[in-house]
Amino acid sequence: MKIMAARDAKNAFGLLFDTARAEPVMVEKHGRPVVVVMSVEEFERLSRQQEQGRAPRNGVSVDQ
């Protein structure tokens, strides 16, 4: 995962987008992680994976 400072992400927004299309980018502010920027495809893949994990198993829901 690529890491960018918030200032760099702001000043190079196009680079942030281009990089996030290839791999997730963690944006840090004052050295602390704040957000992760990722491609729509990666987000959709993770969302599907999460939904599959919540599917009932043998009639029993795994939600708490």
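The values are calculated or read from the model by the stated rules, or taken from the named source; none is laboratory data. Model, not experiment: these values are computed from the prediction. Virtual Cβ from ideal backbone geometry, glycine too; neighbours counted across all protein chains shown.
A compact table of results
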item: Pair list, Cβ < 7 Å and 6+ apart or interchain, from region 15-26 residues that are over 10 Å from Met1 (Cα atoms) to residues that are of a type in the set (Ser, Thr, Tyr) and at pLDDT below 95; result: none
item: Any hit, region 41-60, residues being surrounded by 10 or more Cβ atoms within 10 Å (Cβ to Cβ), modelled with pLDDT of 95 or more and in a loop (DSSP other than H, G, I, E, B); result: no
item: Residues located in region 14-32, provided they are exposed (fewer than 15 other Cβ atoms within 10 Å of the Cβ), of a type in the set (Asp, Glu) and over 12 Å from the mean Cα position of the chain (by Cα); result: Asp18
item: Matching residues, region 4-13, being within 16 Å of Met38 (Cβ to Cβ), in a helix (DSSP H, G or I) and within 16 Å of the chain's Cα centre (by Cα); result: Ala9
